[in-house]
Structures are given as structure tokens and as C-alpha cells.
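Input: a single structure, listed below in C-alpha cells.
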Amino acid sequence: MKVMVTVKRVVDYNVKVRIATDGSDVDIANVKMSMNPFDEIAVEEAVRLKEQGKVTEIIAVTCGTAASQDVLRTAFAMGADRGILVTSQALLQPLGVAKILQALVVREAPQLVLMGKQAIDDDCNQTGQMLAGLLNWPQATFASKVDLQPDHALVTREVDGGLQTIAVQLPAIVTADLRLNEPRYVTLPNIMKAKKKDIESIEAESLGVDLAPRLQQLKVAEPAGRAAGVKLASVDELIEKLKNEAKVI
Ligand code: AMP
């Protein structure tokens with residue numbers, strides 16, 4: 001079974017992002033970039049499924065600029081077999097990415113597309129759902145367990161207040177939540193091997209899809225600062241403050 005995994009290059013999750021002085025966007029100049037953490041989980045799941053003998057080929061796909069090659073190399077080092085880089089001059093938004101992925105799915109015919117539940121830069125949580133809609137495929141989002149069978153997958157989903165297990169017919173889209181697995185550390189020999197692998201590069205415009213942005217970012221702002229906390233001497237004092245200062249009881 002062929003599996004496609006999507007990997008996005010985003011600001012590393014350890015970086016404390018700064019906002020550009022004009023408030024137009026986050027400042028990513030000279031900032032460490034990495035594979036989106038939920039995509040790392042998706043790659044790890046694909047590699048585990050291959051190790052279990054359920055998957056024969058893993059194709060990692062990223063959409064962005066030439067710089068996004070590095071996340072494909074990370075995917076190779078984790079165990080992906082092939083890598084496709086889709087470059088675009090246009091600013092890519094979830095619908096545009098979903099349309100690019102749709103064209104690649106039609107070309108590659110995977111039985112399963114594994115994605116992150118959301119990219120930590122835009123926090124959209126839209127691309128997987130849009131791809132499922134465009135392909136008219138079943139989707140299982142927020143997966144915390146995937147039991148892959150030849151013609152269907154049993155997917156446990158993290159929902160409010162518990163877990164839900166659903167069966168989806170293949171081909172399907174599955175998006176990874178945090179507890180699906182713990183991605184492996186990539187070893188130095190695998191990083192070295194990954195550097196030598198070929199990456200197929202495609203210009204998004206050649207796929208004939210409409211990438212026009214549908215969303216306009218108006219402003220980016222820091223969350224409001226919080227006032228410092230205070231230490232109280234007794235429960236009575238706490239109750240008094242909750243009643244008279246916070247007025248919540
Ligand atoms: P989002 O809808 O932007 O929160 O992204 C959800 C998931 O879609 C991510 O975790 C990725 O797996 C995939 N995705 C989004 N944008 C890209 C991209 N530019 N390249 C590859 N995968 C992407």
C-alpha cells in the first residue's frame with residue numbers, strides 16, 4: 001500500500017516568535033525552521049506502518065519554496081522513500097495546498113494520506129479536511145490511534161471529553177493528533193544518507209490549479225499582557241478578594 005505524507009516547513013516550536021514592527025505578520029528572518037511537529041507524527045506513523053509490513057512506499061510531499069527541501073530530508077532520515085517538493089511563487093493558503101495535494105493524489109494514487117492535524121504557524125486545521133472534500137474521500141481527523149487494514153482503517157479520534165473510534169474505507173485522509181506516537185530521533189547515518197536522496201521538484205503552476213489566496217491577513221498582534229499574580233495569606237483573604245475585587249462569587 002502506498003502512503004502519502006504531507007510535511008510543512010514552519011517556525012520551530014521552540015522559537016518565541018516576534019511580530020514584525022508594522023504588525024503585518026510574524027518576523028521569520030533568521031529564525032530556526034523545522035518540520036511541523038504534527039507532520040513529524042504523521043511521518044512516524046507511516047514509517048511504523050511500513051515496519052509492520054502494511055505499507056510498501058512512503059511519499060513525503062511539501063509545498064513551499066526551495067528551502068522546504070530540508071523537511072523532506074528529515075522525512076527521508078525518518079524512513080520516507082520518496083520526496084516531492086512543490087514550489088510556488090504564490091503565497092500558499094490551505095485551499096491552494098489542498099488543491100496541489102489533490103493533483104498529486106490523482107497522479108500517485110495513494111491509499112492513505114497522512115497529514116498533521118494543523119500547522120503550528122497558521123493554526124488553520126483546514127488542509128486535511130479540504131483535501132478530503134476535494135477528493136470526496138472519507139476523513140478521520142485528530143487521530144490518536146490508527147489500525148490499518150487492507151481496505152479500511154479503524155481510527156481512534158481525540159474528541160471533547162473522550163475518544164471516538166471510527167472506521168473509514170480506503171482511500172482516506174487521516175490527520176495526526178499529538179498522542180498518536182512519539183516520533184523517533186533521526187540518527188546521524190540516516191541524516192547523511194538522506195542528503196544523497198533525490199527530490200522531485202514540481203512547479204505548482206504546472207499543475208494547473210487555482211492558487212489565488214482567499215484569505216487576507218489584516219493584522220497580527222501580541223496577546224494582551226497579564227497582570228502579575230499575588231500571594232495571599234489565607235483562604236479567607238482569597239474569598240474576600242473573589243467577592244469584592246474579582247466579583248466572581
Ligand atoms: P493547516 O490546515 O494549515 O493547519 O495544516 C494542516 C496540515 O496540512 C499540516 O499539518 C500539513 O500536514 C499539511 N500542510 C499544510 N500546508 C502544507 C504545506 N505548505 N506543505 C505540506 N503540507 C502542508
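The table for this structure:
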{"read-out": "Residue count, the range 18-44 (criterion: open to solvent by 20 Å² or more (accessible area, probe 1.4 Å), assigned to a loop (DSSP other than H, G, I, E, B) and away from the ligand (no atom under 16 Å from the Cβ))", "value": "8"}
{"read-out": "Selection count where residues are within 15 Å of the chain's Cα centre (by Cα) and surrounded by fewer than 17 Cβ atoms within 10 Å (Cβ to Cβ), scope the range 158-190", "value": "3"}
{"read-out": "Answer from 105, 47, 5, 71 - the residue that is on the phi < 0 side of the Ramachandran plot, assigned to a strand (DSSP E or B) and touching a residue at least 60 places away in the same chain (Cβ under 8 Å)", "value": "5"}
{"read-out": "Filter result for residue 60 (part of a strand (DSSP E or B) and either touching a residue at least 40 places away in the same chain (Cβ under 8 Å) or more than 16 Å from the chain's Cα centre (by Cα) (or both))", "value": "yes"}
{"read-out": "Selected residue (only one of 173, 249 is under 23 Å from residue 92 (Cβ atoms) and either touching a Leu at 6+ places or on another chain (Cβ under 8 Å) or among the small types (Gly, Ala, Ser) (or both))", "value": "173"}
{"read-out": "Selection within the range 80-92 - open to solvent by 10 Å² or more (accessible area, probe 1.4 Å) and near the ligand (Cβ under 8 Å from one of its atoms)", "value": "92"}
{"read-out": "Selection count, the range 87-102, where residues are part of a helix (DSSP H, G or I) and either among the small types (Gly, Ala, Ser) or under 8 Å from residue 204 (Cβ atoms) (or both)", "value": "3"}
{"read-out": "Filter result for residue 232 (farther than 26 Å from residue 89 by Cα and open to solvent by 50 Å² or more (accessible area, probe 1.4 Å))", "value": "yes"}
{"read-out": "Filter result for residue 72 (within 16 Å of the ligand (Cβ to nearest atom) and at pLDDT 95 or above)", "value": "yes"}
{"read-out": "Complete set of residues in the range 138-157 that are buried (at least 18 other Cβ atoms within 10 Å of the Cβ) and of a type outside the set (Ser, Thr, Tyr)", "value": "138, 139, 140, 142, 143, 146, 148, 153, 155, 157"}
{"read-out": "Residue in the range 197-210 that is open to solvent by 100 Å² or more (accessible area, probe 1.4 Å) and modelled with pLDDT of 95 or more present", "value": "yes"}
{"read-out": "Count of the range 95-129 residues which are open to solvent by 10 Å² or more (accessible area, probe 1.4 Å) and either within 10 Å of the ligand (Cβ to nearest atom) or of a type in the set (Phe, Trp, Tyr) (or both)", "value": "15"}
{"read-out": "Considering residues of the range 231-245 that are charged (D, E, K, R) and in a loop (DSSP other than H, G, I, E, B) only, the residue modelled with the lowest pLDDT", "value": "245"}
{"read-out": "Only one of 145, 197 that is touching a helix residue (DSSP H, G or I) at 6+ places or on another chain (Cβ under 6 Å), farther than 27 Å from residue 93 by Cα and of a type outside the set (Val, Ile, Thr)", "value": "197"}
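The values are calculated or read from the model by the stated rules, or taken from the named source; none is laboratory data. Since this is a predicted model, take the numbers as computed values, not measurements. Heads up, the Cβs are rebuilt from the backbone with ideal geometry, glycines too, and the neighbour counts pull from every protein chain shown. Surface areas here come from the heavy atoms of the whole protein model, side chains and all, with no ligands, DNA or RNA. Shrake-Rupley method; radii C 1.70, N 1.55, O 1.52, S 1.80 Å.
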